[in-house]
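Take a look at the structure below.
The values are calculated or read from the model by the stated rules, or taken from the named source; none is laboratory data. Worth saying up front: this structure is predicted, and the values here are computed from it rather than measured. Don't worry about glycine lacking a Cβ; one is built from the backbone with ideal geometry, like all the others, and counts go over all protein chains shown.
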Amino acid sequence: MGVVRIDHIGVAVSDLQEALKVYRDGFGMGDVHLEEVPEQGVRVAVFHVGESRIELLSPLSPDTPVGKFLESRGPGVHHVALGVENLGSMLEELKSKGFRLIDEQPKVGAGGAAIAFVHPRSTLGTLIELCERPKDKG
């Protein structure tokens, strides 16, 4: 058990179309998968970079977590997502070690992944997302 990969970097953006110009057109990051994740209050643009991803996160409304992040901090890195093989066990282990969990139970994220967030107060200021992807979607 433990972290098996860096799954993705989540980048908060105010204007998804403008961000696509930077990442897709500017950096030549080809195929992009667009998805709306109402449970998380975001519209997501996913770029595959080797075995990892960059996810551009645009809020569906200002009162979502990403909307509030943009209001207080502006655009930029929102979180680092770490891929795990057994999210439930990882959450139990972290809780037993005293980590502050935002999500004590997995939720559904982009691409159908099971996700949960660890509070940045427990991780030296970085919001950490734990991510368990369906086996067939690696």
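Observations, loosely collected:
- Checking residue 92 against (1) surrounded by 11 or more Cβ atoms within 10 Å (Cβ to Cβ); (2) touching a strand residue (DSSP E or B) at 6+ places or on another chain (Cβ under 8 Å), the condition it does not meet: (2)
- Among (1) free of Cβ contacts under 8 Å to residues at least 40 places away in the same chain; (2) surrounded by 13 or more Cβ atoms within 10 Å (Cβ to Cβ); (3) not acidic (Asp, Glu) - the single one residue 16 does not satisfy: (1)
- Of the candidates 26, 50, the single residue that is small (Gly, Ala, Ser), over 13 Å from residue 9 (Cβ atoms) and free of Cβ contacts under 8 Å to residues at least 60 places away in the same chain is 26.
- Of all residues making up region 105-138, the number that are more than 25 Å from residue 73 (Cβ to Cβ) and either modelled with pLDDT of 95 or more or part of a loop (DSSP other than H, G, I, E, B) (or both): 7
- Among the residues of region 49-88, those that are polar (S, T, N, Q) and exposed (fewer than 13 other Cβ atoms within 10 Å of the Cβ) comprise 61, 72.
- Scan of region 106-134 for residues that are closer than 21 Å to residue 34 by Cα and among the basic types (Lys, Arg), ordered by number: 107, 133
Results for (1) at pLDDT 95 or above; (2) under 30 Å from residue 91 (Cβ atoms); (3) part of a helix (DSSP H, G or I); (4) among the polar types (S, T, N, Q), shown as yes or no for each residue.
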position: 7; (1), (2), (3), (4): yes, yes, no, no
position: 11; (1), (2), (3), (4): yes, yes, no, no
position: 18; (1), (2), (3), (4): yes, no, yes, no
position: 24; (1), (2), (3), (4): no, no, yes, no
position: 36; (1), (2), (3), (4): yes, yes, no, no
position: 39; (1), (2), (3), (4): no, yes, no, no
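- If you filter region 105-138 down to residues that are among the charged types (D, E, K, R) and within 15 Å of the chain's Cα centre (by Cα), you find that the one that is surrounded by the fewest Cβ atoms within 10 Å (Cβ to Cβ) is 107.
- Flag if residue 71 is assigned to a helix (DSSP H, G or I) and modelled with pLDDT of 95 or more: yes
- Going through (1) touching a residue at least 60 places away in the same chain (Cβ under 8 Å); (2) part of a loop (DSSP other than H, G, I, E, B) one by one, residue 63 falls short only on (1).
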